[in-house]
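Asker: The structure is given below, and queries will be raised subsequently.
The values are calculated or read from the model by the stated rules, or taken from the named source; none is laboratory data. Quick caveat, the model's predicted, so the values are computed rather than measured. Cβ sites come from the backbone with ideal geometry, for glycine too, and all protein chains shown count toward neighbours. For accessibility, only protein heavy atoms count, side chains too; no ligands or nucleic acids. Shrake-Rupley method; radii C 1.70, N 1.55, O 1.52, S 1.80 Å.
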Amino acid sequence: MATVLLLLLLLFLGQPWAGAGADKEAVVCAGTACYTAHWGKLSAAEAQSHCSQEGGNLATVKSEEEARHVQQALAQLLRRQEPLAARIGKFWIGLQREKGKCLDPSLPLKGFSWVGGGGDTHYANWHKEVRSSCISKRCVSLLLDLSVPPPASRLPKWSEGPCGSPGSPGSSIEGFVCKFSFKGMCRPLALGGPGNVTYTTPFQATSSSLDAVPFASVADVTCGDGDESTSHYFLCKEKAPNVFHWGSSGPLCVSPKHGCSFNNGGCQQDCFEGGDGSFRCGCRPGFRLLDDLVTCASRNPCSSSPCTGEATCVPEPHGKSYTCRCPQGFQLDSSQLGCVDVDECQDAPCAQECVNTPGGFRCECWVGYEPGSPGEGACRDVDECAPGRAPCAQGCTNTEGSFHCSCEEGYVLAGEDDTQCQDVDECAGPGGSLCDSLCFNTQGSFRCGCLPGWELAADGVSCTMGPESLGPPAGTSSQEEDNEEREGSTVPPATTSSPTRGPEGTSEAVSTSRRPALPPNSPLTSALPKMMAPSGPPGIWMEPSTHHPTATTGHRDSAGGDFVAPQSDDGTDGQKLLLFYILGTVVAILLLLALALGLLVYRKRRAKQEEKKEKKPQSAADSYSWAPERAESRATENQYSPTPGTDC
């Protein structure tokens, strides 16, 4: 049995929170909440479990005031511990982000939420940029230098990281902070003589120095010193709505021996002694003594500034109560101590757009409208088509609150906002060309043309057979041929005709074969043979021929407006002349190359003959030689030599 008890004792002492409360936790109470700081290398889940077992949660730090309360608890915890080596420790708080929930950089809490509930808060104190991760749960801890208590001017920074697991709490985790909320607090008990008070809170924390004692706490009061001592127990309970009291009047542990000399008799302000060793508490002018006969309160209930924010405190008659009032555009919140903004836009006070502002609102106009002058209404239409605005490239039509653009015939709307106009290529439409033969696209329109030997009909689209002339017969003079060229007669390659002379001297042709007309609505590329391709500027086309192409230039006749394609030999003569120049140049170059090659061969042969003469042995006959004729005495002079009579 003794062995079992020993094992249970060792197991209890081995827990992270085991041991004396003074060494393992610190308590700070303020407002309606208490904060406890604990040592213990636990994961975030284990720390939350420890807090919830006592009726609380991991601490929230929703405001700078709350951050100071947490800092006080941590400083109290460090003061009770022997000085540690300089290092940074971490303490869990109740700010976590669940797995699958990603970082939201636009919010102060970055997508994290408080364990105890509540929406996003404006206060944040991040140590560094929060890591963007959605695949694991993340928890927040407070960074603290363990070598010295944190200074009051520097609030602990927030650090986020993995939440840890049982047995592996995470790097540098030293403890955690819990928070316990209550409906109210009692003032600490006042001692008028020697004694000691120990408070035991509902979350099983004990302390003798609380600035506020939570509701339902027990106070153990021991009066006297030495062997003569008495004990009293008191319970903090609710005497009236939002009024909490110990159920005891006057200072405790009073003694005629000490009177007002000990702790001011337990009085908050003034202590008055009687002639028989007794004493009583009093208050300064402007204050009144409360029911506990120890505490003083101002006769002006607004002296303690009970109203918060925009609220103004207004005392009621007799100075026993007060009322908080809000300015225009605000209303009292649920606590009746603060003000919240009234959303006036819920009543739709504006003609178009309503924007709520703190304490008021403002009206705005939709896009396409502007504020109107008196008599025109709240908002009037903006004429986007007015001079000076010109959002459209061509046509603009104003509408109520907007506008739309249009294009002239032959153009379509283009651009990202449909304000520009783009030309329509009528010659490349999905149904083919609108012309029977040739089609020429123009800006906003098009025009049709015909092949040589054809004329544009009156409808401006189809082509009809035009007058044709014969080529010059054998024996015709060049002057007559020039006259026919000036008259503009065309002789298609595939046409054979017999010439006749008209009365006016013009040549008429009776064709034995005609050029086939292009099929209706066929594109230009299908109407022309493969050998025919456009050459030069638009309107010039090449007719296939046996020897040389014939260029035709299309133009409109000023009289009838038809498109004609007269034939001209000027281009052919120019091409022939250019060809003759090229051939002459090539021949001259070839002659020069042949001459240079012959000269090179001659010099090589002469060099070989001289070598043979030098190697041949001399004889008696060598001293004699035939006298050659003058024509054979030397080689032909090099006409290219700079010095006559030499080779070089």
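Asker: Between beta-carbons, use under 15 Å as the cut-off and find the net charge around S255, counting Lys and Arg +1, Asp and Glu -1. Don't skip to the answer; put the middle values down first.
Answerer: Details: positive: K257, R280; negative: D225, E228, E273, D276.
Local charge sum for S255: -2.
Asker: Using the Cα centre of the range 226-322 as the reference point, and only Cβ charges (+1 on K/R, -1 on D/E), how large is the resulting charge dipole? Debye, rounded to the nearest 20. Intermediate results must be reported in sequence, preceding the final value.
Answerer: Values: 8 positive and 10 negative charges, 51 e Å.
Approximately 240 debye in magnitude.
Asker: Still on this structure, please answer the following. Report the one residue of C260, G274, F287 whose Cα lies farthest in the direction of the positive end of the charge dipole of the range 160-312 (charges on C-beta: Lys and Arg +1, Asp and Glu -1; origin at the Cα centre).
Answerer: F287
Asker: Could you rank the peptides 434-444, 149-159 by their average count of other C-beta atoms within 10 Å per residue, with the highest value first?
Answerer: Working: 434-444: 19.0, 149-159: 14.6.
For the peptides 434-444, 149-159, the packing ranking is 434-444, 149-159.
Asker: Over the range 298-426, what is the relative contact order in percent, taking alpha-carbon pairs closer than 8 angstrom and at least six residues apart? Spell out each step's value before the answer.
Answerer: On the way: 224 pairs, mean separation 14.3, N = 129.
Over the range 298-426, the number comes to 11 percent.
Asker: Further question on the same structure: Rank these residues by their accessible area, most exposed first, probe 1.4 Å: R87, R447.
Answerer: R87, R447
Asker: By how many nm would the segment from V601 to R154 lengthen if fully extended, with 0.36 nm per residue of separation less the alpha-carbon distance?
Answerer: 150.4 nm
Asker: Excluding R138 itself, what net charge comes from residues whose Cβ is under 11 Å from its Cβ, given Lys and Arg +1 and Asp and Glu -1? Walk me through the numbers before you get to the answer.
Answerer: Details: positive: R97, K99, K101, K110, R131, K137; negative: E98, E160.
Summing Lys and Arg as +1 and Asp and Glu as -1 gives +4.
Asker: Probe radius 1.4 Å, ligands and nucleic acids ignored: give me the carbon and sulfur share of the accessible area of the range 17-132 as a rounded percent.
Answerer: On the way: 2740 of 5540 Å².
Answer for the range 17-132: carbon and sulfur cover 50 percent of the accessible area.
Asker: Kirkwood Rh and Cα-based Rg: tell me the resulting Rg over Rh for the range 206-358, rounded to two decimals.
Answerer: Values: Rg = 23.1 Å, Rh = 19.6 Å.
Using Cα coordinates only, the ratio equals 1.18.
Asker: What's the magnitude of the charge dipole for the range 278-326 around its Cα centre, counting Lys and Arg as +1 and Asp and Glu as -1 at the beta-carbon? Answer in Debye, nearest 20.
Answerer: Details: 6 positive and 4 negative charges, 42 e Å.
So the magnitude is around 200 debye.
Asker: Among all the lysines, which ones have a C-alpha under 16 Å from K183's C-alpha, if same-chain residues fewer than 8 places away are not counted?
Answerer: Cα-Cα hits under 16 Å: K237, K239.
Asker: Can you give the charge dipole size of the range 95-169 about its Cα centre, rounded to the nearest 20 debye, using +1 on the beta carbon of Lys and Arg and -1 on the beta carbon of Asp and Glu? It would help to have the intermediate numbers written out before the result.
Answerer: Working: 10 positive and 6 negative charges, 29 e Å.
In total the dipole reaches around 140 debye.
Asker: For the range 299-345, which whole-number percentage of the solvent-accessible area (1.4 Å probe, protein heavy atoms only) is attributable to carbon and sulfur atoms?
Answerer: Working: 1480 of 3090 Å².
After summing per-atom areas, the C and S share lands at 48 percent.
Asker: Please arrange M465, M185 by accessible surface area, largest first, computed with a 1.4 Å probe and ligands excluded.
Answerer: On the way: M465 55, M185 35 Å².
The residues order as M465, M185, largest area first.
Asker: I've got another one for you. Ignoring ligands, DNA and RNA, please state the percent of accessible area on the range 220-265 from carbon and sulfur, probe 1.4 Å. Show your work: numbers first, answer last.
Answerer: On the way: 1480 of 2970 Å².
Roughly 50 percent, rounded to a whole number.
Asker: For the range 384-437, calculate the relative contact order in percent as a whole number, restricting contacts to Cα pairs under 8 Å that are 6 or more residues apart.
Answerer: Values: 73 pairs, mean separation 12.0, N = 54.
22 percent.
Asker: Can I ask one more? Run the 1.4 Å probe and let me know the accessible area of W39, rounded to the nearest 10 Å².
Answerer: Here the residue's solvent-accessible area equals roughly 30 Å².
Asker: Taking only protein heavy atoms into account and a 1.4 Å probe, give the accessible area per residue of the range 263-332 in Å². Provide the component values of the computation, followed by the final result.
Answerer: Values: 4400 Å² over 70 residues.
Value for the range 263-332: 63 Å² per residue.
Asker: Let me ask something else about it. In the range 193-257, what trypsin sites (Lys or Arg not before Pro) fall in a loop by DSSP, with at most 13 other Cβ atoms inside 10 Å?
Answerer: Details: sites: K237, K239, K257; in loops: K257.
Hits after loop and neighbour filter: K257.
Asker: If you take every DSSP beta bridge fully contained in the range 75-193, what fraction is antiparallel? Give it as a percent rounded to 5.
Answerer: Here the antiparallel bridges make up roughly 80 percent for the range 75-193.
Asker: Shifting gears a bit: Which of the lysines could a cross-linker span from K608 if the Cα-Cα distance has to be under 22 Å and same-chain partners fewer than 8 positions apart are dropped?
Answerer: The qualifying lysines are K616.
Asker: Which order do you get for S373, S255 if you rank them by accessible area with a 1.4 Å probe, largest at the top? If you can, show how the numbers build up before the last one.
Answerer: Numbers: S373 50, S255 30 Å².
Ranked list, largest accessible area first: S373, S255.
Asker: Need one word for the range 123-175: rounded, prolate or oblate. Basis is the Cα gyration tensor (sqrt eigenvalues a ≥ b ≥ c); a/c below 1.5 gives rounded, then a/b vs b/c decides.
Answerer: Numbers: a/c = 3.30, a/b = 1.38, b/c = 2.39.
Cα axes put the range 123-175 in the oblate bin.
Asker: Which of the three applies to the range 171-255, rounded, prolate or oblate, going by the alpha-carbon gyration tensor with a ≥ b ≥ c and a/c under 1.5 meaning rounded? Can you show the working numbers first?
Answerer: Working: a/c = 2.98, a/b = 1.40, b/c = 2.13.
Judged from the Cα gyration tensor, the range 171-255 comes out oblate (a/c at least 1.5, b/c at or above a/b).
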